[in-house]
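Written out below as structure tokens is the structure these notes cover.
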Amino acid sequence: MASAKLPRMNYLAHLHLGGQSPQQLLGSLYGDFVKGRLEGRFAPDLEAAIRLHRQIDAYTDSHPLVLSALQLFSAERRRYAGIILDVFFDHVLARHWRQYHPEPLGAFTARFYEVLGSTPDLPGRLAQIAPSMTADDWLGSYRDFRVIEPVLNGIARRLSRPEGLAGAFAEVRDLYEPLSETFFAFYPQVQAFALGK
């Protein structure tokens, strides 16, 4: 959803879409932390999951529903609208998790955190944030809409122009209903896309 130079934050959606084996879960997350060519860098299942992550991003970036949703944001924030939408979509997925997955969200995230914690040599920045992600249950916390504000503030601190996300939470709050409608219309389509790969 966001420009390739900007961070993405839809971790939960990628974990949900990318398959449920340990290698698939890892690869679904690695897609945000591994750049460049993949050939031979990882085990085949892990590499395939990273490729799927990239394909899902490309599908999402060009999808008419997503492109329309990005236009709902104010002009001064539109460059960062993809980041905001990623975070918001993870919130809606977490809040309505039972609609999309038979395993309770808490059980799913605990299983993933166990895989993450037992994996040595996590790539790049993931190695730094994995302990906090687990300890603070980043994925499960997205159920609470209020969590979006500190998440966006945290992302802003990593941007060269953090002012682009200033006031973003209030804008998301105002757009809650239309953005939710976009998620409900779009998510089954990206699910079908991922299953077809």
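Which one of these does Arg79 not meet: (1) at pLDDT 90 or above; (2) touching a helix residue (DSSP H, G or I) at 6+ places or on another chain (Cβ under 8 Å)?
(1)
So, in region 142-155, exactly how many residues are in contact (Cβ under 8 Å) with a residue 12 or more places away in the chain and either basic (Lys, Arg) or in a helix (DSSP H, G or I) (or both)?
9
Provide a single number: the residues in region 110-140 that are in a helix (DSSP H, G or I), over 15 Å from Gly27 (Cα atoms) and within 17 Å of the chain's Cα centre (by Cα).
Residues that pass the stated criteria total 7.
So Arg54 passes all but one of these: (1) surrounded by 17 or more Cβ atoms within 10 Å (Cβ to Cβ); (2) under 22 Å from Ala127 (Cβ atoms). Which condition number does it fail?
The number of the failed condition is (1).
Restricting attention to region 27-42, report how many residues are of a type in the set (Gly, Ala, Ser) and touching a Lys or Arg at 6+ places or on another chain (Cβ under 7 Å).
1
Restricting attention to region 107-116, does a residue exist that is basic (Lys, Arg), at pLDDT 95 or above and either surrounded by fewer than 17 Cβ atoms within 10 Å (Cβ to Cβ) or in contact with a Leu (Cβ under 6 Å, 6 or more places away or on another chain) (or both)? Please lay out each step first, then the result.
We begin by selecting, within region 107-116, every residue basic (Lys, Arg); these are 111.
Keeping just the survivors that are at pLDDT 95 or above gives 111.
When the remaining residues are screened for being either surrounded by fewer than 17 Cβ atoms within 10 Å (Cβ to Cβ) or in contact with a Leu (Cβ under 6 Å, 6 or more places away or on another chain) (or both), the result is 111.
For region 107-116, residues basic (Lys, Arg), at pLDDT 95 or above and either surrounded by fewer than 17 Cβ atoms within 10 Å (Cβ to Cβ) or in contact with a Leu (Cβ under 6 Å, 6 or more places away or on another chain) (or both): present.
Mind checking which residues of region 158-192 are farther than 19 Å from Tyr100 by Cβ and among the hydrophobic types (A, V, I, L, M, F, W, C)?
Leu159, Leu165, Ala166, Ala168, Phe169, Ala170, Val172, Leu175
How about region 16-101: which helices (runs of 4 or more DSSP H) wholly inside it have at least 1 residues that are charged (D, E, K, R) and closer than 21 Å to Gly196 by Cβ?
Because the criterion is at least 1 residues that are charged (D, E, K, R) and closer than 21 Å to Gly196 by Cβ, the helices (runs of 4 or more DSSP H) in region 16-101 that meet it are 44-61.
The values are calculated or read from the model by the stated rules, or taken from the named source; none is laboratory data. All values derive from a computational prediction rather than experimental measurement. Reconstructed Cβ throughout: ideal geometry from the backbone, glycine too, with neighbour counts over all protein chains shown.
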